[in-house]
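Notes to accompany the following structure.
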Amino acid sequence: MTINVLIPAFNEEKNIGRVILALKKLSLIARIIVIDDGSWDGTANVARRMGVEVISLSPNQGKGAALYQGFKVSNGEIIAFFDADLINLTPGHILDLLLPVIKGEADMTIGVFSKGRLSTDLAQKVAPFLSGQRAFTRSFLENFFNNHREVTALGYGVEVALTLYAEKTGARVVEVPLVNLTHVMKEEKLGFFPGMLARAKMYREIVNSFGNKIKLG
């Protein structure tokens with residue numbers, strides 16, 4: 001059973017290396033594909049130096065479109081998504097997320113931060129559908145993207161759309177606690193005010209995904 005991992009990334013040269021390093025420790029992952037979504041820093045160079053595949057998009061197209069472009073070039077029977085800014089990612093976290101799909105117990109898993117950082121833990125406890133750490137059967141993702149290509153315009157709202165699609169279609173979903181995992185906050189990456197603006201944009205895209213009239217069933 002082949003496994004591919006997609007990492008959407010925008011200006012993550014300082015963070016993406018440790019995520020790739022954790023993923024490369026698992027030999028069961030056949031391909032790691034970084035989708036560099038219009039970065040102007042060295043994100044793509046870091047990924048290439050670490051020996052993984054890189055797709056470069058220009059200009060920035062948003063998370064939904066980046067994941068779709070990565071999916072198009074993938075060939076795994078199982079596809080996983082990991083964010084590029086994770087802190088403390090281990091092979092154990094990765095296996096925990098993959099195993100329910102490998103065992104045929106889930107069509108989609110959703111990784112939920114636990115005991116990592118209060119702010120991110122709380123956000124994911126209240127709204128696990130926002131998590132970017134997921135694994136899927138290929139057939140689930142294929143049906144999602146092929147039947148609802150318009151979700152690629154939703155940016156950060158793609159995770160909400162995936163969750164709604166799973167509910168509408170009766171897919172088997174398993175939430176997986178990812179203990180001690182967290183991520184770099186936007187305010188830490190960009191500074192307080194630019195980070196707040198980036199966060200507001202993210203929330204706007206998420207809210208728009210709820211209000212979108214796409215019939216995900």
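Any residue in the stretch 24-40 that's in contact (Cβ under 8 Å) with a residue 12 or more places away in the chain: show its pairings with residues that are hydroxyl-bearing (Ser, Thr, Tyr) and not in a strand (DSSP E or B) at Cβ separation under 6 Å, as long as the two are six or more apart or on different chains.
Matching pairs, first to second residue: Ala30/Thr2; Asp36/Thr43; Gly38/Ser58.
Within the stretch 1-13, can you find the residues that are over 14 Å from Ile94 (Cα atoms) and either out of contact with any helix residue (DSSP H, G or I) (no Cβ under 7 Å at 6 or more places or on another chain) or buried (at least 16 other Cβ atoms within 10 Å of the Cβ) (or both)?
Answer for the stretch 1-13, where residues must be over 14 Å from Ile94 (Cα atoms) and either out of contact with any helix residue (DSSP H, G or I) (no Cβ under 7 Å at 6 or more places or on another chain) or buried (at least 16 other Cβ atoms within 10 Å of the Cβ) (or both): Thr2, Pro8, Ala9, Phe10, Asn11, Glu12, Glu13.
Filter the stretch 14-30 down to residues that are buried (at least 17 other Cβ atoms within 10 Å of the Cβ) and not β-branched (Val, Ile, Thr) and give me whichever is farthest from Asn75 (Cα to Cα).
Within the stretch 14-30, the match that is farthest from Asn75 (Cα to Cα) is Asn15.
What is the number of the single condition among (1) modelled with pLDDT of 95 or more; (2) farther than 19 Å from Gly132 by Cα; (3) part of a loop (DSSP other than H, G, I, E, B) that Glu13 does not meet?
Condition (2) is where Glu13 drops out.
What pairs come up if the first residue lies in the stretch 51-75 and is on the phi < 0 side of the Ramachandran plot and touching a residue at least 60 places away in the same chain (Cβ under 8 Å), the second is part of a strand (DSSP E or B) and aromatic (Phe, Trp, Tyr), and their beta carbons are under 7 Å apart, counting only those six or more places apart or on different chains?
Matching pairs, first to second residue: Leu67/Phe81.
Return the residues of the stretch 143-159 that are under 26 Å from Leu95 (Cβ atoms) and either buried (at least 20 other Cβ atoms within 10 Å of the Cβ) or touching a residue at least 60 places away in the same chain (Cβ under 8 Å) (or both); say none if nothing qualifies.
Phe144, Phe145, Val158, Glu159
Mind listing whichever residues of the stretch 83-122 are in a helix (DSSP H, G or I), among the β-branched types (Val, Ile, Thr), modelled with pLDDT of 95 or more and more than 14 Å from the chain's Cα centre (by Cα)?
Passing the criteria: Val101, Ile102.
Are any of the residues in the stretch 100-114 of a type in the set (Gly, Ala, Ser), crowded, with 16+ Cβ neighbours inside 10 Å and farther than 28 Å from Asn146 by Cα?
Checked the stretch 100-114: at least one residue is of a type in the set (Gly, Ala, Ser), crowded, with 16+ Cβ neighbours inside 10 Å and farther than 28 Å from Asn146 by Cα.
On the given criteria, is Phe136 part of a strand (DSSP E or B), at pLDDT 95 or above and either acidic (Asp, Glu) or surrounded by 15 or more Cβ atoms within 10 Å (Cβ to Cβ) (or both)?
Here the answer is yes, as Phe136 does meet what is asked.
The values are calculated or read from the model by the stated rules, or taken from the named source; none is laboratory data. Given the structure is predicted, the values throughout are model-derived calculations rather than measurements. Here Cβ is always computed from backbone atoms with ideal geometry, including for glycine, and neighbour counts include all displayed protein chains.
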